[in-house]
Amino acid sequence: MPALALSLALLPVLATFAIAEPSLPHQDLAWKAAEGFQQTPMLQRFLDGPMKNVDEIVFAVRVPGRDHWYVTFGNYADHSPEPAEKLGFKFEDGVYWGYGEGGRLCRLNLRTGEMQLLIDDPTGGVRDPQMHYSGEKILFSYRPGGTHTFHLYEIGIDGQNLVQLTDGPDDDIEPTYCPDGSIVFCSSRCRRFVNCWYTRVAVLYRCNADGSNVRALSSNNDHDNTPWVLPDGRVLYMRWEYVDRSQVHFHHLWTMNPDGTGQTVYFGNMHGGIAMLDAKPIPGTKKIVASFSPGHGRPEHLGHVAIVDPSPGPDNQGAARQITKRPEWKDPYAFSEECFLVARRDGLHVMDGEGNNELFFQLSEEDRKKWECNEPRPVTCRLPERVIPERAQLTKGTGRLVLENIYHGRKMASVEPGTIKKLLVLKQVPKPINHSGGMEPLTIGGTFTLAQILGTVAVEADGSAHMELPALQSIFFVALDEKDLAVKRMHSFTTLQPGETLSCVGCHEQRNEAPHEPPADMLALQRPPSRPEKSPDLPDVMDFPRDIQPILDKHCVECHNPDRRDGGVELVGDKTPMYTISYWTMQTRGLVADGRNREQSNYEPYQVGSSASRLMNLVDGSHYDASLSDHEKTLVRLWLETSATYPGTYASLGCGAYPIAATTPAALFRERCGECHYHEYKDPKYGDVKTYRFAGRNLTWRAPWFNLSRPEKSLFIRAPLAKEAGGLHLCKETVFKDTNDPLYQGILAAIQDGHQRLMEGRRFDMPGFRPTEHYIREMQRFGFIPKDREPNDPIDVYAVDKAYWDSFQYEPQFTGADGS
């Protein structure tokens, strides 16, 4: 790895920045009457009651988010400028930036109606203020005008002593003070992109009070958001995840200790459909208030104000109560169960426990056209929460996981004790770039991410396991039986901090069971912890053309090729407009059972993976002569367990697709074939829909019926062609008597055009392949492709991906004799 890449790789682990003296933005520190303020009856009642110790609040003013709830920082990575331009994002330095210009940090007296502008930056950005325990300074995220990245700052409550805490090329947002003096915040230092969008990810980090010693706490592939400390000292935050389940349903509340240990669900995660953001404790109770943003979440976290009582357990949906009628609220702050500060697009409100509210401050009419108020916080001192002792041991590179009894848990009653022999240990690997809201071309309707194979660990006869795993990685498991087939699959991930020992009761156990010491007679504890074992001849990340297609060529293609098509099946590696014919066949003929990208998780045993996939039954020697070697069976099985992806590199994203031009073949197709294949129906959402159908499926011009490797072998033109002319004659009547038919020639010409574009543009598994400019740019930014490379220099994308993934391996920290 080049020196630059190595240094960047260490940033998520430990960094101490030399901070330049910040230039002060425009400040108007004189108190002035706030024209948009009004002393409402509810506000006065609160100031006489739950808010009697509050005179002032601080809040941020900025341009609202105009995309998903998380698109408020960083750059877009889209091929076309249309989405970013439509949303009004700024184009600068060759990319579109996902934020608006203009920010203020305001201090408002609720009793006199006077206000100070602590920061007023017309081209900058201000967000996420939080008061220090002393009530004397404010921690917030700030992007000074003329810069692209947010960093952590502090400023005195009097508007003096602006201090920059963090620095670097990545964004730092949503900070919270911790009682031990540290700061937990979200940062894009994780250097990854949202699994289903064009933008950067921010996950949880920690630093000292002065911004030094930045360390990653999270390994999430997608966002962690809005951390806040609970009275018991744990950090409450939102975690968005979709390990082999829906990408848009699971954004729920989790907790961790301030050092990152003890990561566990707080509420939700079994029932999708709400993004739970901006959660904070309600004083005097064990409850919290949060914004329940509907569905996949709305810009600026707009949602219902909800109160959650965690005591019935994290899976009890009745423990949450929405107190508002419309999902138009954000940034709730509680003084009691009956008293809240909350923001809406029109300004700042007070709200009671039934959702009744009054607007007490709004910006001028002109300012409201471009800015909104956010994150109201009281200017008060407060007692620090309980300090949780450090449990992470940064001198170690691994953590330990103890599984008490794998047969204990949801939907495990049907699994006989002794059935499960091993755990397959997998790691979800992050994306350095992304180009769409879909999973293509990684899968067809399946996973959005690649999984790395770490190996297997033993499960003892009593169902226990004891393992040593790499720290700060997104680990998940597949339980395997004596035939190495999948019994049960984990649809979440776990992360161990360095030196942490974590225990779980069972497989998908109820989360309201009290933690307890594992029994001393557990078989797995009678030996040292297992480290995952993997054969050196197995790849880390599976790649269908490289690892699976040669097996099909050897054992299957003789019978399942375009000319023979036994069972109507083709398994050749010829390329379609996006995948290969064989990959389409696997996914569309029921050979793969993955259950992925669904709202459901925690399937019944033997419902997902190798045990449920028909493909394994066709390669066990019972299907004619398709008898694979043990190594070949292992490759097929591991491909199924790692989400049955098509490429083994993220460089494939956003490129390699060469759809057939729809206009010419569509018109010709309808002319001759529309009687059978032109379908009209009523869609409840879109009304009348007219589409082409082929082989029982909607006809798309990137589908497997077009063979771009050998256009003349395309099923689309051979199915209606007479047998004596070299066709298959699969239609009711012969459509093409010979290949001279104008319709045949027109469609063939369109497919040949796709072939030519494929040969010129290449795909990830072809010599001369080049990834998108966005992949190259981000990998250069992250330090894994030299910035001075020549435009035509070859790129080994598999090696670049591996270096990128390896950079997230935690390196133990050691203290020298001099304390350095």
Q: Please give the net charge around Q452, taking every other residue with its beta carbon less than 11 angstrom from that of Q452, where Lys and Arg add +1 and Asp and Glu add -1.
A: 0
Q) Can you pull out the GluC sites (Glu not before Pro) in region 726-808 that DSSP calls coil and that have at most 11 other Cβ atoms within 10 Å? A) E733
Q: May I ask you to give the percent of accessible area on region 255-301 that is carbon plus sulfur, with a probe radius of 1.4 Å?
A: 57
Q: Among the chymotrypsin sites (Phe, Trp or Tyr not before Pro) in region 205-306, which ones are in a DSSP loop with at most 11 other Cβ atoms within 10 Å of the Cβ? Mind listing them?
A: none
Q.
Quick check: Cα centre of region 753-777 to Cα centre of region 395-421, how many Å?
A. 44
Q: Mind checking region 59-158 for chymotrypsin sites (Phe, Trp or Tyr not before Pro) that DSSP puts in a loop (not H, G, I, E or B) and that have at most 16 other Cβ atoms within 10 Å?
A: Y133
Q. Got the relative contact order for region 328-397 handy, in percent, Cα pairs under 8 Å and 6 or more residues apart?
A. 25
Q: Order these peptides, 314-322, 367-375, by their mean beta-carbon neighbour count within 10 angstrom, highest first.
A: 367-375, 314-322
Q. Helix 663-677: angle to the longest alpha-carbon principal axis of the chain, degrees 0 to 90, nearest 10?
A. 70
Q) If you take every DSSP beta bridge whose two residues both sit in the chain, what share of them, in percent to the nearest 5, is antiparallel? A) 95
Q | region 472-595: relative contact order as a whole-number percent, Cα under 8 Å and 6+ apart | A | 11
Q) Got a number for the accessible area of L383? Probe 1.4 Å, square angstrom, nearest 10. A) 150
Q | For the chain, accessible area per residue (1.4 Å probe, heavy atoms of protein chains only), Å² | A | 39
Q | Amide hydrogen neighbours beyond the local backbone of K488, cut-off 5 Å, H modeled | A | A479, Y606
Q | Residue-by-residue Karplus 3J(HN,Hα) for region 272-287, coefficients 6.51, -1.76, 1.60, Hz, glycine and proline x | A | x, x, 9, 9, 9, 10, 6, 7, 8, x, 9, x, x, 9, 9, 8
Q | Sulfur and carbon atoms: percent of accessible area, region 476-622 [1.4 Å] | A | 48
Q.
Distance cut-off 31 Å, Cα to Cα: go down the list K86/K330; K32/K86; K280/K411; K330/K488; K286/K421; K396/K427 and report the pairs above it.
A. K32/K86; K280/K411; K330/K488; K286/K421
Q) If you wrap a convex hull around the C-alpha atoms of the chain and split its volume per residue, what is the figure in Å³? A) 181
Q. What percent does the relative contact order of the chain come to when contacts are Cα pairs within less than 8 Å and at least six residues apart?
A. 11
Q) Tell me, what HN-Hα J-couplings in whole Hz come from the Karplus equation 6.51 cos²θ - 1.76 cosθ + 1.60 at θ = phi - 60° for each residue of region 755-768, using x for Gly and Pro? A) 4, 5, 5, 5, 5, 7, x, 6, 10, 4, 9, 10, x, x
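The values are calculated or read from the model by the stated rules, or taken from the named source; none is laboratory data. None of these values were measured; they are calculated from a predicted model. Because the Cβ atoms are built from the backbone with ideal geometry, glycine has one as well, and the counts that use them run over all protein chains shown. These accessible areas exclude ligands, DNA and RNA; they are computed on the full protein's heavy atoms, side chains included. Shrake-Rupley method; radii C 1.70, N 1.55, O 1.52, S 1.80 Å.
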